[in-house]
Amino acid sequence: MSEQSSKKIAGDNKKPNKGTGFFNQQSLVKNIPFFLYLACLAILYIYNGHRVEKTIKDISKISKELKEYQFEFKMLRSEWMLSTKQSEVVKTAAPFGLIETDVPPVNLDVKTKK
């Protein structure tokens, strides 16, 4: 038993090998390009998120403007349709002394010789 206990004590005195593991200096230096790649991916991910939010804000702003322009177009079109009615044209032309005729227009037939 004394041999086993002396082996255990001798095994306990061993220091852990600094060359193994992921977080030693050699492996960190070796993996610097990979860490830079991950950092660039993170920056691109953040930039993409900001750009998407800005695009969504722009789209909502433009859609509000579009709704306003559609409403304005419909109002102007309805006003124009009302003002081009025959009765409205007669009312508008009355102050200028123009009246609507009751006689239909006469067609002039011009016959040409061949």
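For Glu100, which of the numbered conditions (1) exposed (fewer than 10 other Cβ atoms within 10 Å of the Cβ); (2) touching a helix residue (DSSP H, G or I) at 6+ places or on another chain (Cβ under 6 Å); (3) of a type outside the set (Gly, Ala, Ser) fails to hold?
Unmet condition: (1).
Residues of region 83-105 being within 56 Å of the chain's Cα centre (by Cα) and of a type in the set (S, T, N, Q), which ones?
Ser83, Thr84, Gln86, Ser87, Thr92
Collect the residues in region 55-92 that are outside any helix (DSSP H, G or I) and in contact with a Leu (Cβ under 8 Å, 6 or more places away or on another chain), keeping them in residue-number order. Can you show your working first?
At the first step, the residues of region 55-92 found to be outside any helix (DSSP H, G or I) are 84-85.
Answer for region 55-92, where residues must be outside any helix (DSSP H, G or I) and in contact with a Leu (Cβ under 8 Å, 6 or more places away or on another chain): there is none.
Here, each number is a calculation from the coordinates, and none is a lab measurement. If you're wondering where the values come from, they're calculated on a predicted model, not measured in any experiment. Cβ sites come from the backbone with ideal geometry, for glycine too, and all protein chains shown count toward neighbours.
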